[in-house]
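Worksheet: the structure to be examined is printed underneath.
Every number in this text was worked out from the coordinates using simple rules, so none of it is lab data. The structure presented is a predicted model; accordingly, all values stated were derived computationally and were not measured. Glycine also receives a Cβ, built like all others from the backbone with ideal geometry; neighbour counts cover every protein chain displayed.
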Amino acid sequence: MILLVRPQLLRKNFNGMTVWPFVIIKHQGLKKDVVFINHECIHLKQQAELLVVFFYLWYGIEFLFRWVQFKNRFEAYRNISFEREAYFFEKDTAYLKTRNAFGFMQFLK
């Protein structure tokens with residue numbers, strides 16, 4: 001994982017974004033936020049599993065599906081299976097050591 005502090009690359013409501021192998025963060029202080037970093041590391045694992053390109057294809061398609069489903073961009077984002085897994089386990093710093101491959105699949109609903 002390579003942390004980059006580049007606030008200009010992020011939308012105003014986003015503190016960070018993972019683009020394998022980089023985690024782009026808005027503020028230097030986020031480097032010390034264990035929960036935030038764990039959340040982003042879960043995304044790194046997801047991206048590696050799906051060879052990065054397929055992660056973004058799936059993410060985009062699922063976002064569009066959820067947007068139609070919920071008629072709200074924020075709700076759509078929060079219900080993407082990748083995000084649901086990352087938010088559910090972000091406080092569990094041991095999760096990545098025990099995570100099953102394609103763990104996000106259990107969060108498809």
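Some notes on this structure:
- The chain: translational diffusion in µm²/s, Stokes-Einstein, Kirkwood Rh over Cα pairs, 37 °C, 0.692 mPa s: 230
- Exposure proxy shown here: for T98, T93, the number of other Cβ atoms within 10 Å sets the order, fewest to most, as T98, T93.
- Mean Kyte hydropathy of 0.0 or more with a Cα span along the axis of at least 24 Å, helices from DSSP in the chain: 53-70
- Relative contact order for the chain, counting Cα pairs under 8 Å that sit 6 or more residues apart, in percent: 22
- The chain: most fluctuating residue of N38, N13, N79 per GNM, C-alpha cutoff 10 Å: N13
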